[in-house]
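The values are calculated or read from the model by the stated rules, or taken from the named source; none is laboratory data. Bear in mind that the values here come from a model prediction, so they are computed numbers and not experimental data. Cβ placement follows ideal geometry from the backbone for every residue including glycine, while neighbour counts extend to all protein chains displayed. The protein model used for the area step is the full one, side chains on, heavy atoms only, and it has no ligands, DNA or RNA in it. Shrake-Rupley method; radii C 1.70, N 1.55, O 1.52, S 1.80 Å.
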Amino acid sequence: MRAAEYQHYLFRYERRTLTQAIVAHEALQMAGQRAAADRLALERIVGPLNLQGLYRTLLDDWLPSICESDDAQTRGAALGQTGNQYHHLGDYDTALRYLERSLTIRQEIGDKQGEGTTLNNISQIFKARGDYDTALRYLERSLTILQEIGDKQGEGTTLNNISALYHARGDYDTALRYLERSLTILQEIGDAAGLCATRFNMGHIYWQHGQQQEALNAWVAVYRLATKINLAQVLQALEGLAGSLGMADGLQGWAELSRRMAE
């Protein structure tokens, strides 16, 4: 017990790193404090591993046991995270099954923030399938809930996702208006990952409007921030974008462009 408390103390007050979070998690499990270990994993381990693109690791090593938690809120969150990992891997049917289970639990226990987040995540499954009308209905339900409870981060993400639907439909002006609303919120709260996603999408709209310099400015800003905090998903997207723009060197091309723009 004392070892678990010590390792958790180190994480909370001295070593706020992923490595220490994993050490503290193991110590809590060895001490029989499963509920605390599950909460720590969901709050401090799953997110960083997801950002590093370690989806299979999460599905194999972390999430299955948490999905069996006796605590409904913990179980609902773990089921939602499991759905997200399957989404990243392109297994939309499995992702939807987990997300629907998560949504049911969150609604049963009155977890409004979790409900809004899960509705948002479900929308992305329908978007991936090309069913934009259904996706938009889920997003509008999510936005209403998140605005009611004052969840600014969730609101910003949802506005971004609504924008993406209008973008996919070719309505670029409406898409840009939603992105601008999202950008304002995400800047206010300092959501780095959300800012990367929003500016990345704004870059695409600028490019399609023939505003190449504005697009490049947006994408270079994304590159700088994503590199600074090591956002694997964003960097992977930028590498793919480089190829479509004829930048043969991938991320190195963005690094060189960033250097030239700073001069």
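Of all residues in segment 138-147, none satisfies being surrounded by 14 or more Cβ atoms within 10 Å (Cβ to Cβ), at pLDDT below 95 and closer than 24 Å to residue 51 by Cα.
Here's the yes/no breakdown for (1) surrounded by fewer than 17 Cβ atoms within 10 Å (Cβ to Cβ); (2) hydroxyl-bearing (Ser, Thr, Tyr); (3) touching a residue at least 40 places away in the same chain (Cβ under 8 Å):
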{"site": "156", "(1), (2), (3)": "no, no, yes"}
{"site": "159", "(1), (2), (3)": "no, no, no"}
{"site": "188", "(1), (2), (3)": "yes, no, no"}
{"site": "192", "(1), (2), (3)": "yes, no, no"}
{"site": "225", "(1), (2), (3)": "yes, no, no"}
{"site": "235", "(1), (2), (3)": "no, no, no"}
{"site": "248", "(1), (2), (3)": "yes, no, no"}
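When residue 9 is tested against (1) aromatic (Phe, Trp, Tyr); (2) touching a residue at least 24 places away in the same chain (Cβ under 8 Å); (3) over 25 Å from residue 226 (Cα atoms), just one condition goes unmet, and that condition is (2). The set of residues from segment 194-215 being part of a helix (DSSP H, G or I) and open to solvent by 40 Å² or more (accessible area, probe 1.4 Å) comprises 197, 199, 201, 204, 206, 207, 208, 212, 213, 214.
For residue 114, indicate whether it is on the phi > 0 side of the Ramachandran plot and touching a residue at least 40 places away in the same chain (Cβ under 8 Å). Give the steps one after another, and end with the answer.
On the way: on the phi > 0 side of the Ramachandran plot: no; touching a residue at least 40 places away in the same chain (Cβ under 8 Å): yes.
Criteria not met by residue 114.
Residues that are in contact (Cβ under 8 Å) with a residue 40 or more places away in the chain and closer than 16 Å to residue 157 by Cβ within segment 201-223 comprise just one, 201. Within segment 161-186, the set of residues being open to solvent by less than 20 Å² (accessible area, probe 1.4 Å) and small (Gly, Ala, Ser) comprises 163, 175, 182.
Note on segment 82-121: among residues that are of a type in the set (A, V, I, L, M, F, W, C) and closer than 22 Å to residue 234 by Cβ, the one that is most open to solvent (accessible area, probe 1.4 Å) is 89. Within this structure, residue 179 passes the test of being under 23 Å from the mean Cα position of the chain (by Cα) and in contact (Cβ under 8 Å) with a residue 12 or more places away in the chain.
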